[in-house]
Amino acid sequence: MKGWNVRNFILPLVLCLFQAADAAELNGKVRDADGAPVDFASIRIYNTDSVLVAGVVCDEAGCYSVSGLPSARLIVSAGCIGYDTSFASVTLGDAVPAALDFVLQPHENTLGEVTVTAERFVRTQNGLTVIPDTQQVRHASSGYELLRNLMIPGVSVDAFKGSVSALGGGVALYIDGMEADEREVRQLRPSDVERVQFMDAPTGRYAGNNTALNFILKKKESGGYVALDALQRIGYNAGDYNLAMKYYRQNTQYTLFAGADYKDISGGFDNRDDEILFPTGAVTRDYITLDNHERSNRQYGQVRVRNKTDRRTLRVTFKVLREATPENFNASSLTYGGMGLSAPQTALTDRMESSRGMKYSLGLSGTFSLPRSQSVDASASADITDNNYDYAYGEDGSLVCSATSERLYSFNASVSYVKTFPKGNSLTLKAHEMYNISSASYAGAHASWQHMWMSESLLFAEYMQPLGQKASLRVQPGVSAQFYRVHGNELVRNYSPRAQIIFAMQPARGQYLQIGGVYGNSYPQLSMLTGATTQVDMVQIKRGNPDLKQSRLVNLLAVYGLGIGKVNLQALATFMGCSSLPMTEYSFENGMLLQSWRGDGEWQQWKPTLSATWMPSDKFNFTVQGGWLHNRYTGVSPYITTACWFAEARASWYVGVFALNAYATTPQKMAGYDRAVTRTIWDYGISGSWSRGALRLEAGFRNPFYRHPRVQAWIDTPQYRSESRQYSPTNRQSAYIKASYTVDFGKKTRHDSQDVDKTIGSGIQRAR
């Protein structure tokens, strides 16, 4: 039976390749009435009996190439949203590739809502092109909500957390081919999105990513809009409020974003039982939280100017971000045992943390289309960040205090070159440079000054070769180099090869197969490398390890997708492994428990997953996925092993101006390089929305039957053991209300993009 399965997989592939060698080829370019290329136009090829033979999507230059076609008379169509579909006939022969160009005329109803009745998911060589329908756009107020409504097979979206994952890893996000961060996608207007590209085998400018997702926006040449949105939590006090303004003037786009969010939460706890195994005897510490209060806030502003022509796009961005946690307070009852005590002794403790940061960013980027299907992308950004962190711990009159101030400089630059050849093969060359300088002053019981700089360079090439009409092979060799130095220590140099190989094919219509592997490396965080000592409490201190080395990474995956009518199925199996992994290490120093890092950890993860998406109509969509998650950490004692089943389900109903969404995820058992094992909670919720014109209102509930959900976590090492029960009001039963309103002004012709970064980096080693 095993041999039969192998033959049935290999023989059709070999036959496919031999048939493709003798088949005909068709290529061409799609332009609009002004002669400008129509990027990502859809090409469909039919025989004279109107049976679909092949389909492909044009690249960013409006070019397409299809091989493996029969030598016969064929009917070819070219279409794109906003344009009338054009048809032409061509007779192909075996000897010479045929050329067929199209000129598309604007649709008379460009300004109106488009109802998509054709196939929603269009499979291309490197992924899917998804066209949102009217209901999916109407009932979304952000890019994440639109992705949730699209229900792309194998893609998991958390609209509230702003996270997207697929194929066992993260998803790189782009807007009109330019990399976007979490806040940019959150601010994106769904009505501006023309289509979405999901690339499970990224090539060209997207090369180097596990998977990539690109929002392609409608074109606009004049006018603009003002958009307001507000979200308020009920059950715990938190809110998020934003303003967006955009103005278009011919080829130039001006954008202003501003907003603020806050959180004011009390009532949480982290009841913890510790055991410290000193050489002289064990000490037990039992914490019971008495009071807890956390306040934080964030404000941001961004100005962006973008100029776009048919051959190039230039963009300049200036951002300002402030964030602060004025108060993170915890008061506990602490009971000591052991140490030769005849009876347990109880003390009162209080811990106060506060932090504040300010970041200024300037970014420049450009994309350039060159003759002969060539393109160049270049970008550079510079950040200046000021961070301050204060910590105080009191225990029955004894006090431990520290204050840290940091100035962090960051610089990033990248350039990529892409060449697409007539037969559909392509070559990509890419270089990336990251540079960070951190200067931090630590005041308190262990005062010190720490200066660190780190440089990381990455260079790789990628070659993608179509194997007939139904298969492709992608090979990506590369090399990385890292240099860093901690003040008072020698310069550290790390060099590492990188490689990736992906084979993809479509065995039959509606089917997809991908097999691949990745070998790479990662480097320690700045905060792990600092030699500064931070005192946590009366018996515990923390310190980084400047001698940490790079980690080696391996990722293997196999995925099979099947579309049957209105059902899309996917089976995925992944293996991830890491050697020389930084992991928490405990030891003793001067009668104190020292928490630091060791660099010889080993990690393996196995994760088989099955998913299904059912879209019976434009009024109801349903997706479910589940599988098995197994993690194992070795190189430390004792070994850490976790295993669990997991599942997630989401459903959406659309009835006119109303929409209803529901989701549920099961608990998971996970482990991390901090040697902590965590068991999460059930997470479920339901929401409803009303949309009409420029106004959208939404309300929802999360965990309506959970009053005190507790996350369990434990650590077991020869020096330190801990078990905790953590409760946060953010996980309990809660509700929210959300409103958004948009006012358009000026001439309404055709639409474009949006953005913002709300993260502040830091190399500070924190006590908690």
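Worth a mention:
- Of all residues making up segment 302-311, the number that are under 19 Å from V376 (Cβ atoms), among the β-branched types (V, I, T) and part of a strand (DSSP E or B): 0
- Of V53, V66, all but one fail to be modelled with pLDDT of 75 or more, of a type in the set (A, V, I, L, M), assigned to a strand (DSSP E or B) and over 29 Å from S369 (Cβ atoms); the exception is V53.
- Qualifying residue in segment 6-24 (condition: within 30 Å of L104 (Cα to Cα), in contact with a Gly (Cβ under 9 Å, 6 or more places away or on another chain) and at pLDDT 75 or above): yes
- Any hit, segment 586-595, residues being within 17 Å of A532 (Cα to Cα) and not in a strand (DSSP E or B): yes
- A residue that is over 28 Å from G154 (Cα atoms), out of contact with any Asp or Glu (no Cβ under 8 Å at 6 or more places or on another chain), among the aliphatic types (A, V, I, L, M) and modelled with pLDDT of 90 or more occurs somewhere in segment 474-488.
- Selection of strands (runs of 3 or more DSSP E) fully inside segment 457-576 by the criterion of at least 3 residues being surrounded by fewer than 17 Cβ atoms within 10 Å (Cβ to Cβ) returns 471-486, 492-505, 511-522, 551-564.
- Boolean, Y241 is at pLDDT 85 or above and either surrounded by fewer than 19 Cβ atoms within 10 Å (Cβ to Cβ) or in contact with a strand residue (DSSP E or B) (Cβ under 9 Å, 6 or more places away or on another chain) (or both): yes
- Single residue of segment 729-740 satisfying the filter (closer than 17 Å to P667 by Cβ and within 25 Å of the chain's Cα centre (by Cα)) that is surrounded by the most Cβ atoms within 10 Å (Cβ to Cβ): N731
- Residue within segment 211-225 that is touching a Pro at 6+ places or on another chain (Cβ under 8 Å), under 30 Å from T574 (Cβ atoms) and in contact (Cβ under 8 Å) with a residue 40 or more places away in the chain present: yes
- Scanning segment 273-283 for residues that are farther than 18 Å from Q595 by Cβ and in contact with a strand residue (DSSP E or B) (Cβ under 8 Å, 6 or more places away or on another chain) turns up just one, G281.
- Pairs meeting the criteria (first residue in segment 488-512 and at positive phi, second residue part of a strand (DSSP E or B), beta carbons under 8 Å, at least 6 apart or on different chains) are G510/L562; G510/G563; G510/I564.
- So L548, is it more than 30 Å from A166 (Cβ to Cβ) and at pLDDT below 95: yes
- Top-ranked residue in segment 244-254 [being in contact with a Phe, Trp or Tyr (Cβ under 6 Å, 6 or more places away or on another chain) and crowded, with 16+ Cβ neighbours inside 10 Å; ranked as nearest to R732 (Cα to Cα)]: A244
- Among (1) of a type outside the set (F, W, Y); (2) part of a strand (DSSP E or B); (3) within 22 Å of the chain's Cα centre (by Cα), the one test that A662 misses: (3)
- Hey, R356 closer than 30 Å to K430 by Cβ and among the basic types (K, R) or not: no
Condition check ((1) closer than 29 Å to A331 by Cβ; (2) surrounded by 17 or more Cβ atoms within 10 Å (Cβ to Cβ)) across all residues:
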position	(1), (2)
L188	no, yes
M199	no, yes
T203	no, yes
Y206	no, yes
I216	no, yes
V226	no, no
G235	yes, no
D270	yes, yes
E275	yes, yes
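- Among the candidates P718, P667, P709, residue that is assigned to a loop (DSSP other than H, G, I, E, B), modelled with pLDDT of 90 or more and either basic (K, R) or surrounded by 15 or more Cβ atoms within 10 Å (Cβ to Cβ) (or both): P667
- Residues of segment 628-645 classified as of a type outside the set (S, T, N, Q) and buried (at least 18 other Cβ atoms within 10 Å of the Cβ), total: 3
- From the list M583, M615, the lone residue that is of a type in the set (A, V, I, L, M, F, W, C), part of a strand (DSSP E or B) and at pLDDT below 90 is M615.
The values are calculated or read from the model by the stated rules, or taken from the named source; none is laboratory data. Just so it is clear, the structure is predicted and the values come from calculations on it, not from any experiment. All Cβ positions, glycine included, derive from the backbone under ideal geometry; neighbour counts span all protein chains shown.
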